[in-house]
Structures are given as structure tokens and as C-alpha cells.
Amino acid sequence: MTSLAAARPLGLATSRIARRHAWTAAVVVFFALLLAWNASQTKSFGAFEIQTLLASTLALAYLAMAQSVVVIGGGIDLSVGAQLVLVNCLSARLMEGTDLGASLLVAAGCLAVAAAIGALTGLVITVSKIPDIIVTLATSFVWGGVALLVLHTPGGGTSGGFQALVLGSGNDWWPALLCLLAPLLLVWAPLRRSRAGIAIYALGSSKNAAYLSGVDPLRTRVEAYAVGGLLCGLAGLATTAFTAGGSPQSTIAMNATLNSVAAIVLGGVALAGGVGGLVGPVFAVWCLYLLPNIMLGLGVDPSYGEVVKGVVVVLVVLVGGLLRARRKRPE
Amino acid sequence: MTGVAVKDAGTQRSLLARVAATDRSTLALVGVLLALVVANGLIDRSFLSLSQLRNTLLVTAPLALLAGGQTLCMLTGGIDLSVAMTATAAAYVTGVQSADGPVTAIVAGLLVGVVVGLVNGLAIGVFRVNPLIMTLGMSGILTGLLTVGSQTFLGGATRMSEIVLELGGGTIVGPVPWNLVVWLLLGGALVVGLRRTGLGRMIYAVGDNRVACRLAGVRVWQVETAVYTLCALLAAVAGILIGGRSGSVDLQLAGSYLLPSVAAAVIGGTSILGGIGGYTGTILGALILAVLDTMLNLLTVDEALKQILYGCIILALAWVYARGTTTA
């Protein structure tokens with residue numbers, strides 16, 4: 001396979017790379033434009049603003065990555081928000097009054113729980129043959145309920161060391177960026193090149209073809225949802241670090257889930273499955289964060305941010321769909 | 001030719017045999033519902049009283065209307081995640097406009113539904129935007145508009161007028177609340193419309209095989225536009241009823257109805273992939289959810305356990321249904 005690809009003319013290879021990454025590149029350019037616009041509005045735009053951007057979007061960025069992995073594998077997870085809230089509550093309760101070492105231990109435990117939750121979801125979906133939407137809709141109630149059991153009212157806490165380690169403070173913007181890159185480089189990059197990762201893409205792009213080529217649907221689905229669960233766990237921990245506590249409200253879960261779906265669609269992951277990556281959605285999350293800020297700078301009521309977000313998401317999907325349809329037709 | 005023959009065989013079977021054959025899952029749902037009602041009666045005798053019956057029906061009617069719209073969308077293979085916000089927006093507009101008289105207010109509320117539904121339907125049917133994304137985006141757009149609007153162009157008191165209050169929470173006679181009448185009228189129209197009209201059959205056909213429908217000359221975009229408009233209209237009616245019951249309107253009015261509206265349709269046997277299901281099942285699904293909710297309240301289960309049980313039961317019912325359809 002590789003030798004064949006290498007033997008191809010260079011032009012063809014570059015055009016393939018360009019086609020494959022066109023969407024991500026477009027999102028990055030869009031983000032750069034928004035950032036420049038926002039920077040021109042603020043007098044002293046610098047490290048502090050970058051730190052705020054990274055720290056306040058870290059949880060949603062993880063969540064968008066979680067949703068991406070699942071959607072690339074041909075599913076959709078409406079319980080990502082509930083999983084975030086559950087891990088947030090669990091970690092906030094256990095981390096209260098601990099030092100950095102104990103906090104990290106708790107974090108590791110929470111991640112294991114989150115991955116197990118994801119794997120369980122994948123297992124139930126494959127075994128029961130119920131559509132993903134329905135199963136994750138039902139489990140979102142379950143995890144929301146468990147979160148309430150763990151933490152009845154908003155509360156809990158975490159150690160200051162953990163907060164500084166995850167988010168940085170003041171002008172230190174690199175800890176949050178490192179935390180964001182860690183799962184991309186340590187989990188996703190190796191996975192994507194491995195057999196399991198290719199199986200996830202294959203299953204998402206055509207279930208039957210993947211099965212006939214020897215992909216085990218049960219195993220692949222469980223793996224995709226487990227990685228998704230792990231990333232949801234990271235999102236929950238990031239929320240704990242950002243808010244220094246836990247909050248079991250179902251509206252948080254609902255909004256987070258809806259935002260994650262909006263972000264992956266903007267980030268170039270096709271809802272039909274098998275297309276996209278994890279970098280585009282992260283940039284999309286940043287774009288969605290900057291929009292209300294820019295509107296505030298323009299003197300528009302930031303509540304219109306929701307309106308603009310909705311319109312942008314719909315328009316992007318509309319235009320993207322038209323472009324994809326036009327590209328397919330001549331072939 | 002074969003189509004005619006099959007149709008003849010179908011009409012020749014006795015009504016009873018047909019009911020027994022096609023509606024086995026419906027009978028199972030009725031069984032679940034009866035079991036829940038009996039269980040509730042055993043837990044608390046007063047559940048079987050007329051006033052409790054009225055309360056249950058009062059809660060069910062708006063949910064069943066929302067779930068009805070959801071059923072239509074799911075039958076075409078789509079989903080509408082904006083029903084809750086549409087309902088809230090309709091109720092809000094009705095509340096604000098009630099100073100101009102109840103008729104204007106209700107018409108304004110329903111218009112909100114029509115406009116939202118038309119935009120959804122045209123985007124999904126003509127411009128082929130994924131329904132999940134379109135309705136999700138619409139939900140965000142409505143949230144933003146209402147948040148800003150409540151301070152500017154939709155400012156003022158949101159007191160519902162007397163007629164709306166009566167419709168949402170009033171009683172005609174004994175255990176029959178007014179909103180039940182609204183539900184029965186619209187629900188009856190839905191059941192008959194899906195079974196007997198051309199549009200109803202087209203909705204099933206589009207959900208079953210969109211491409212085949214287009215090749216057969218069905219204007220798929222018209223069917224989808226009609227479906228999403230009807231769905232939003234039903235959501236607007238439900239919103240006005242919910243607003244009438246609570247008396248005043250805030251931005252979280254109908255938010256908690258979104259997931260149950262999908263759940264009721266799923267429990268009732270409507271497939272989210274399209275083409276399978278119907279409103280009769282959804283009605284039973286909505287009733288089961290309402291009775292279940294009352295039961296968990298009667299048992300004074302705390303909110304956490306209630307949510308866990310609720311999720312598990314939806315999952316279990318969907319699982320049973322999935323097994324039933326794959327083995328049959």
C-alpha cells in the first residue's frame with residue numbers, strides 16, 4: 001500500500017492531502033481571522049487573553065474531541081455532557097481538601113471510570129442494536145442521576161496545585177495548551193495510525209464494507225466509545241479545575257452536549273461518520289468562544305451570540321453540504 | 001398487479017385478526033401501562049381517584065402533543081431538537097401579546113410555530129441540511145432571540161389571558177381537563193391523517209426510502225417541509241397549553257420536555273431511522289412516561305434515583321422493542 005502511494009505522482013499526493021485537510025485549514029484560517037479581529041478590539045491583547053481563551057474552552061475542547069471520535073466511528077453520543085457532569089461531580093467531591101498528589105491520583109481514577117462508562121455505552125449499543133441516539137439519550141439520564149447521587153448540590157473542591165497544573169494562571173497560557181495537546185499526541189495520534197484507529201474510520205464510513213473486510217464491529221465500537229469516554233473524563237476534570245468545584249445541573253450537561261455537536265460539525269466531522277479529525281473541532285470550539293466576545297466588542301448584546309452561533313453552524317453545514325455534493329458529482 | 005393482490009388479501013382478513021397481528025407491540029405497551037397504573041394504585045389508593053386521573057391527563061396532554069410532532073419527524077427519518085424552544089417561544093409570545101386580546105395572542109403564538117417550522121422544513125427539505133444540526137441550530141437561535149427579546153422587543157408582563165389559563169389548566173367536567181379536548185382533537189387528526197391521507201402515506205414512504213420516493217415522483221421537499229411545519233405547530237400548541245397551566249412564562253418553560261418527547265415516541269415503537277411507527281404508540285408512550293413520573297413521585301424517590309430509573313426504563317423498553325422487531 002505505502003509503496004504504491006509513494007509511486008504516485010507528487011501532484012496527486014499533494015492534492016489528496018489538500019483535499020483531506022481543506023476543511024481543517026479553513027477552520028484554522030477562520031479562527032485566525034476571528035482572533036485578529038478580537039485582538040484589534042482589545043487594547044492590550046496578549047498572554048492573559050490567550051490564557052483565558054485556552055482555560056475557559058479546555059473542557060468543551062475535550063468534549064468536542066470525545067464527540068468527534070464517536071461520530072467518526074459512525075455513532076453519536078448525546079450523553080457526553082452528562083458524562084462530563086458526572087466526572088466533574090465525582091472528582092470535585094473526592095478532591096476536596098487534598099494536595100496535588102492525591103488530586104492526581106483521584107484524576108487517574110476518574111479517567112478510568114470515564115473510560116469504563118464509555119466502553120459500557122458502546123457495548124450496550126452494539127449488543128442491543130438500538131440506535132446510538134436512543135441509547136445515549138437514556139444513559140444521559142442515568143449518568144445525570146448518578147452525578148446527583150455523588151453531589152446533591154453544587155459543591156466540592158480541588159487543590160490549587162491541580163488547578164495551576166491544568167489551566168495555568170495569570171499569563172501562563174502553556175499549561176492549558178499542553179493539557180489539550182496531551183491526549184491528541186498520546187492517545188489519538190498513535191490510535192489513528194493503528195489497526196484499531198483505521199477500523200474506527202472504516203466502521204464509520206461503511207458498516208457493511210468494514211464488517212466484510214474483517215473489522216470486528218463490537219470491538220471497534222467499544223474502543224471508539226471508550227476513547228470518547230476517556231476524553232469526556234478529561235473534560236470533567238478540566239471543568240473541576242476551572243470552576244474549583246462540581247455542579248450536578250442537567251442544563252450544564254444539555255448545553256455541553258449541544259455545543260459539542262455544533263463544534264464537530266463546524267470542525268469538519270461528517271455526522272454520517274468516517275470523515276474528519278480531532279484538530280478541526282478544537283479550532284471550532286475556539287471560534288464559537290470568540291464570536292460572543294467580538295460581538296461584545298462591537299457593542300452588540302452578547303445574548304445575540306447564541307443566535308449568531310446557530311446561524312453560523314447551519315450555514316456552514318449548508319455550504320459544506322453543497323460543496324461536497326458538487327465535488328462528488330463529476331466523479 | 002401484485003400490489004392489488006396483497007391489498008385484497010389484507011382487506012379480507014377479519015378486523016380482529018388484523019388488530020392482533022399488527023398491533024402486538026401496542027398490546028404489550030397497553031400491558032405495561034396497565035401494570036404501572038395498578039402498581040400506582042397499590043402504592044397509593046388515591047391515585048385511582050378522579051382528581052389524580054385529571055392530574056395525570058393534564059400532564060400528559062402537552063407531552064403527547066410534543067411527542068406527536070416528534071413522531072412525524074422521526075417517521076421521515078429526521079428528528080426535531082427545537083420543539084422545546086419552539087414551545088417556549090410560542091408561549092412567551094402568547095403571554096406578551098395577551099394584552100391585545102386572547103385571539104390575537106393565540107394566533108401570534110401559533111404563527112411563531114409556523115414560521116419556525118417553515119424555516120426548519122425548507123432548510124432540511126430544500127437545502128438538505130442535516131435535521132439534527134438544523135433543529136439544534138434553530139434551538140440556539142430561538143434561545144438567543146428570546147433572551148434578548150425578553151429585555152427589548154418582547155418586553156412586558158407575560159400574564160396569560162383567562163382563556164389560555166382555562167385551556168391549559170381548567171376543567172370541563174369531572175376528571176376531564178380542557179387541554180385533553182385540544183389533545184384529542186389534534187391527536188385524532190394525527191392518527192387518521194397518518195393512516196388515511198396521501199400526506200400520511202407519503203411520510204412513511206419518505207422515511208422508508210427517500211431515493212425511491214424521489215424516483216417515484218414524490219416531491220420529497222414538500223413532504224418534509226409539511227412535516228417540520230406541523231411539528232413546530234404542534235409544539236406551539238403544546239407550549240401555549242404548558243404556559244396556560246403554569247400561568248406565567250419563563251425561558252425554561254418547556255426545556256424539560258425535549259428528551260421525554262423523543263423518549264415517548266421511541267417507547268411507542270417509532271423508529272428513529274424512519275418509516276416504522278405511528279401516533280397510537282406514541283400516545284401510549286407519553287401515558288407510560290406520565291404514569292411512571294407520578295409513580296416515582298408517589299414513592300418519594302429522590303431526584304437522582306428518579307433520573308437513573310427513568311433512563312434505565314427507557315433503555316429497557318427500547319431494548320425489548322428492538323428484540324421484538326428483529327425476531328418477528
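The values are calculated or read from the model by the stated rules, or taken from the named source; none is laboratory data. In this text the structure is predicted, and so the values were computed from the model without any measurement. Cβ sites come from the backbone with ideal geometry, for glycine too, and all protein chains shown count toward neighbours.
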When segment A:292-331 is checked residue by residue, the ones that are modelled with pLDDT of 80 or more, over 24 Å from A:ILE76 (Cβ atoms), not small (Gly, Ala, Ser) and not in a loop (DSSP other than H, G, I, E, B) are A:PRO292, A:ASN293, A:ILE294, A:MET295, A:LEU296, A:TYR304, A:VAL307, A:VAL308
Is one or more of the residues making up segment A:137-156 on the phi > 0 side of the Ramachandran plot, buried (at least 21 other Cβ atoms within 10 Å of the Cβ) and not in a helix (DSSP H, G or I)? yes
Quick check on my filter: what residues within segment B:106-115 are surrounded by fewer than 23 Cβ atoms within 10 Å (Cβ to Cβ) and farther than 16 Å from B:VAL249 by Cα? B:VAL107, B:LEU111, B:VAL114, B:VAL115
Exactly one condition in (1) touching a residue at least 60 places away in the same chain (Cβ under 8 Å); (2) in a helix (DSSP H, G or I); (3) surrounded by 24 or more Cβ atoms within 10 Å (Cβ to Cβ); (4) not acidic (Asp, Glu) is false for A:LEU165; which is it? (3)
For the list (1) exposed (fewer than 15 other Cβ atoms within 10 Å of the Cβ); (2) within 30 Å of B:LEU165 (Cβ to Cβ), I need the number of the one condition that B:LEU215 fails. (2)
For the list (1) small (Gly, Ala, Ser); (2) modelled with pLDDT of 80 or more; (3) surrounded by 13 or more Cβ atoms within 10 Å (Cβ to Cβ), I need the number of the one condition that B:SER25 fails. (2)
Test A:GLN51 against the stated conditions and say whether it is modelled with pLDDT under 90, farther than 17 Å from A:LEU237 by Cβ and surrounded by 15 or more Cβ atoms within 10 Å (Cβ to Cβ). yes
State which residue pairs qualify: first residue away from chain A (no Cβ under 11 Å) and inside segment B:247-264, second residue modelled with pLDDT under 85 and crowded, with 23+ Cβ neighbours inside 10 Å in any location, beta carbons under 9 Å apart, and separation of 6 or more residues or different chains. B:GLY247/B:MET160; B:GLY247/B:GLY168; B:SER248/B:MET160; B:VAL249/B:MET160
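Here is a list: A:GLY273, A:GLY246, A:GLY214. Which entry is under 17 Å from the mean Cα position of the chain (by Cα) and of a type outside the set (S, T, N, Q)?
Every option except A:GLY273 fails the conditions.
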What single numbered condition from (1) more than 9 Å from chain A (Cβ to nearest Cβ); (2) more than 13 Å from the chain's Cα centre (by Cα) fails to hold for B:GLU303? (1)
Please verify whether segment B:72-79 includes one or more residues that are part of a loop (DSSP other than H, G, I, E, B), farther than 21 Å from B:CYS213 by Cβ and within 20 Å of the chain's Cα centre (by Cα). no
Considering every residue within segment B:125-137, establish whether at least one is buried (at least 23 other Cβ atoms within 10 Å of the Cβ), among the hydrophobic types (A, V, I, L, M, F, W, C), in contact (Cβ under 8 Å) with a residue 12 or more places away in the chain and more than 9 Å from chain A (Cβ to nearest Cβ). no
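Working only within segment A:289-309, note down all residues that are in contact (Cβ under 8 Å) with a residue 40 or more places away in the chain and facing chain B (nearest Cβ under 10 Å).
If the condition is that a residue be in contact (Cβ under 8 Å) with a residue 40 or more places away in the chain and facing chain B (nearest Cβ under 10 Å), then A:LYS309 is the only one that fits.
Run down A:VAL135, A:VAL166, A:VAL142, A:VAL146 and say which single residue is among the β-branched types (Val, Ile, Thr), more than 10 Å from every other protein chain (Cβ to nearest Cβ) and under 24 Å from the mean Cα position of the chain (by Cα).
Of the residues listed, the single one that is among the β-branched types (Val, Ile, Thr), more than 10 Å from every other protein chain (Cβ to nearest Cβ) and under 24 Å from the mean Cα position of the chain (by Cα) is A:VAL166.
Yes/no matrix, rows are residues, columns are (1) of a type in the set (Lys, Arg); (2) in contact with a Pro (Cβ under 9 Å, 6 or more places away or on another chain); (3) crowded, with 20+ Cβ neighbours inside 10 Å; (4) not in a loop (DSSP other than H, G, I, E, B):
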position: B:GLY117; (1), (2), (3), (4): no, no, yes, yes
position: B:LEU122; (1), (2), (3), (4): no, no, no, yes
position: B:SER139; (1), (2), (3), (4): no, no, yes, yes
position: B:THR152; (1), (2), (3), (4): no, no, no, no
position: B:GLY156; (1), (2), (3), (4): no, no, no, no
position: B:LEU165; (1), (2), (3), (4): no, no, no, yes
position: B:VAL181; (1), (2), (3), (4): no, no, no, yes
position: B:GLY193; (1), (2), (3), (4): no, no, no, yes
When every residue in segment B:73-105 that is surrounded by fewer than 24 Cβ atoms within 10 Å (Cβ to Cβ) and touching a residue at least 60 places away in the same chain (Cβ under 8 Å) is compared, the one nearest to B:GLY168 (Cα to Cα) is B:PRO102
Working carefully through the options A:VAL275, A:VAL227, A:VAL215, A:VAL222, find the one that is part of a helix (DSSP H, G or I), of a type in the set (Val, Ile, Thr) and surrounded by fewer than 24 Cβ atoms within 10 Å (Cβ to Cβ). A:VAL222
